[in-house]
Structures are given as structure tokens and as C-alpha cells.
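Structure first, then comments.
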Amino acid sequence: MARRHSRVRRSRAEWAGLGALSVVAAFIGFQSVAFTAAQVTAKADPATAHRLAPANAYASAALAASLSGADASPADRRRADELAWSALRHDPTVATAASALGLNAQVRGDTAAAKRLFDYVETLSRRDLQTQLWAIEYAVSRGDVPGALRHYDIALRTSPESAQTLFPVLVSASADPDIRAALTRTLAGGSPWSEGFVNFAASSGADPKAITQLFVALHRAGVAVSDNARASLVSKLISAGALEDAWAYYAESHRGADRRQSRDPRFRNMDTPSLLDWVPISDGGVSASIQRDGDAGVLEFSAPSSAGGPVVEQLQLLPPGSYRIQGHSDGIDQAVEARPYWILQCREGRELGRVVLPNSAAARGEFDGRFTVPQGCPVQMLALVLRPSEAVSGVSGRIDRVQLTPIR
């Protein structure tokens, strides 16, 4: 709402001659200071602001609003109405005053009066949050989904701080197909709060299956869903045991993804991995990270002597069958018993095999091995494990390419 400052107007009749000029000047000076102080104080301390300048419409409106809260007594609301009407008589454009009147009318059960007052507020400004919240509730009570979302959009555009209140409601409501469709259309229109809402939805405690349906709809409508939000949702689905849903959503946003093989052989997804991507591990003394290397990435790992453990892993959904792992390493130079190895395990821990890496100087760093996935093992984990070394420098190396593929 554009701020407008009421001006204290005084006729010449108020001046009682030239001899009273100094008194009048002092009085006008006090009124000016009081007016300015009231404007500054109105939001922080409306009662003080009103005492400083009882004729100030903004101060009266602010005090009326403070007396119209959820815990207001009937006497508070009557006083609020008096102050609000006084404010509007001084300045009909003070939206806060009309909003307080509308809220009190609604509390008394007079919805028709509340609607007239809130409609009036909206003709003055769309920035009054109370008006938008009332309009949302009114539209919902009438089953007007597009209307409710229009006011959600206005509220979130004009009062970004309202996201803390409105986002959880929207996330929960999006489980309804009609609301989800309308919400998708709203976000596809370029709402500035879209990114914040998507990230909130991904990290919320809402049903991940419902969020998946929303994200799929958003993706198909051209609404951006961040890599971080997608990865968070995939991991939540997996943690909830919804593996098929996790894979379906992952494949929706990763063209060419094939559950019969590992993904991202060149470590390109290094910033926001889900459990279906390569996840580096730094724990128990081992250290690992995926670093950018040209247009791809490289896994770098190290561990001090006598330390070991997994340094990277990726969840697999391989069907039963025989598989081949191939890749390329650099910098590995260890005794046979201390060389790193790839391990494939069923999710419950049953080991399906190991492929020990040769030293990188051998075969120009290339490695090759086999795994067999039996029936009754629908989910597997592929990991690279470092073994403790007696070398003073410990273990270190790089993997710049690895892929597990079916043997046809």
C-alpha cells in the first residue's frame, strides 16, 4: 500500500492575532513532532503512538488492529471499532482500520459485513495480509479453489514472511488432486515464491508420495524443481520404503536412467546427490569427495595408515542376473592385501561379491570385475571400500570412471 501522510491543516481563524504567533508556532511545532513520532511508533507501540497524536489516522488504526487480535475481549473489539471508524473519518484510505473492522465483524459472525469491509480494503491495497488471509478462508468455505489460490499468491507476493504460515497449509492441501492441479497452474504462472515453496515441500514432513505427485506435475508444467529438492525427495521416498516411487520419480527427472545399471559413470552429479547417485563418505578417518574435472568429476579419496572403510556408495535396484563393473583409477599403489575393492551387497547386508582394484600403474589404471545378483535381493548397495595399509602415507587415489552394467 502506498504510504500517505495526512497533513495537519489549520485555518487562519485559529490564530488569535499577531501577539499569539509565538504560542501558535510552539503548538504547531509540538503537533508536527507528535505526528512524526506517532508515525514512527505506530507499529511498535500503537498505544503510545495514539497518545502522542490521537487525531493521527494511522496511529488510531494501528491501535484498533492491536485490539482486534485472537485474544481480544468484546470490550477490546468495541474500542477497536470506535478507533477504526475514527481513523477512516480522518482518512478513508487507511486500510488497516477497515481490516480491523472486517475482522471484528467476522468474529461476531457477520460474514456479509466482513466481506464488504475486506473488499473495500482490497480496493485500497493488496498488501494487507489480514485481508488476504480472510479472503483465503472465505474462498475455501465456498469451495472456490482458484479464488483461494489467487489470494495465496497475492499474500505470498506482497508479504513474503507469510510463507512460514501458508507453506505448510499449501503442502498439506496439495495432496488433493484438484488443489494440486490449480496450484501447479499458479506456480507455472511465474510466482516469485515458487522456488521457496518447492524447497519447503521437499524438506517438509508431508507424505513423500503426495509430494512426488506434485513435483511430477510441476516438472511437466515447466516449473523448475531444484536438484536439491529432487534429491531430498528421492531419499525420503527410499527411507519410507517407497522404492518404486523413488525410482519412477528419479527416472522422470533423469533421462536415460536405467535400473539395470549404475548411474553417472563420470561423477557429474557432484553437488546434490540422492541415494540413487554417488554419495561420498568421510567417516572413521577416511576422507572422500567428488571434485570437478573438466566437464565431469573425479572421486578423490584418502585414509591414514591403519584406517579404512567405505568412501563412496550408490543404491542399486538391479534385477537378478550377472553384471560387469568397469572403470579407471589413478594414484593407487598398495600391497595386494591393502588395495581398495568394490563390494556389492544386498540391502540387508548379504555380500554378493568383491572386485579388488589393481594398482593404477597396471593396465593403465583400468579395472574390470563381475557380480551376480540372485533372486530375493531386490535392493543392493555398491560401494568402494578402503582397507587399512601399513604404508606410512596410508591409502589415496582417484576414480574418474566406473559403471556397473548387465552381461547380456
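The values are calculated or read from the model by the stated rules, or taken from the named source; none is laboratory data. In this text, all values refer to a predicted model and were calculated from it rather than measured experimentally. Using ideal geometry, Cβ is built from the backbone for each residue, glycine included, and neighbour counts are taken over all protein chains shown.
Gly143 meets the stated requirement of being loosely packed, with under 14 Cβ neighbours inside 10 Å and either within 31 Å of the chain's Cα centre (by Cα) or touching a residue at least 24 places away in the same chain (Cβ under 8 Å) (or both). Return only the number of the condition from (1) modelled with pLDDT of 95 or more; (2) part of a loop (DSSP other than H, G, I, E, B); (3) at positive phi that Gly353 does not satisfy. Only one criterion is unmet by Gly353, namely (2). Across the stretch 275-292, the number of residues qualifying as out of contact with any Lys or Arg (no Cβ under 9 Å at 6 or more places or on another chain) and acidic (Asp, Glu) comes to 1.
Here is a list: Ser322, Ser274, Ser287, Ser302. Which entry is surrounded by 16 or more Cβ atoms within 10 Å (Cβ to Cβ), under 23 Å from Gln345 (Cβ atoms), among the polar types (S, T, N, Q) and in contact with a strand residue (DSSP E or B) (Cβ under 8 Å, 6 or more places away or on another chain)?
Just one listed residue meets the conditions, Ser287.
For the stretch 209-216, the condition holds for at least one residue, the condition being that it is in contact (Cβ under 8 Å) with a residue 40 or more places away in the chain and farther than 24 Å from Leu318 by Cβ.
Looking only at the stretch 305-315, residues that are surrounded by 16 or more Cβ atoms within 10 Å (Cβ to Cβ) and either within 30 Å of the chain's Cα centre (by Cα) or farther than 20 Å from Ile343 by Cβ (or both) come to 5 in all. Within the stretch 52-84, count every residue that is within 17 Å of Gln130 (Cβ to Cβ) and among the hydrophobic types (A, V, I, L, M, F, W, C). Number of matching residues: 11. The set of residues in the stretch 154-174 being in contact with a Lys or Arg (Cβ under 7 Å, 6 or more places away or on another chain), surrounded by 18 or more Cβ atoms within 10 Å (Cβ to Cβ) and in a helix (DSSP H, G or I) consists of Ile154 alone.
When residues of the stretch 234-261 are filtered for being surrounded by 20 or more Cβ atoms within 10 Å (Cβ to Cβ) and either in contact with a Leu (Cβ under 6 Å, 6 or more places away or on another chain) or not basic (Lys, Arg) (or both), how many remain? Residues in the stretch 234-261 being surrounded by 20 or more Cβ atoms within 10 Å (Cβ to Cβ) and either in contact with a Leu (Cβ under 6 Å, 6 or more places away or on another chain) or not basic (Lys, Arg) (or both): 7 in total. In the stretch 123-153, what residues are more than 19 Å from Arg180 (Cα to Cα), touching a Ser or Thr at 6+ places or on another chain (Cβ under 6 Å) and either part of a helix (DSSP H, G or I) or outside the structural domain of Ser73 (by TED's automatic domain parsing) (or both)? The answer is Leu124, Leu129, Gln130, Thr131.
Remark: pairs (first residue in the stretch 274-289, more than 17 Å from Leu315 (Cα to Cα); second residue among the small types (Gly, Ala, Ser) and surrounded by fewer than 17 Cβ atoms within 10 Å (Cβ to Cβ); Cβ separation under 6 Å; 6+ apart in sequence or on different chains) = Ala288/Ser282. For Asp333, the conditions (1) surrounded by 13 or more Cβ atoms within 10 Å (Cβ to Cβ); (2) among the charged types (D, E, K, R); (3) under 24 Å from Thr405 (Cβ atoms) all hold with the exception of (3). For beta carbons closer than 6 Å, sequence separation of 6+ or different chains, a first residue in the stretch 69-97 that is more than 17 Å from Tyr58 (Cα to Cα) and in contact (Cβ under 8 Å) with a residue 24 or more places away in the chain and a second that is crowded, with 16+ Cβ neighbours inside 10 Å and not aliphatic (A, V, I, L, M), the qualifying pairs are Arg77/Asn104. Picking from residues in the stretch 363-400 that are assigned to a loop (DSSP other than H, G, I, E, B) and under 35 Å from the mean Cα position of the chain (by Cα), the one that is nearest to His328 (Cα to Cα) is Val379. Residues that are buried (at least 16 other Cβ atoms within 10 Å of the Cβ) and under 39 Å from the mean Cα position of the chain (by Cα) within the stretch 342-361 comprise Trp342, Ile343, Leu344, Gln345, Cys346, listed in sequence order.
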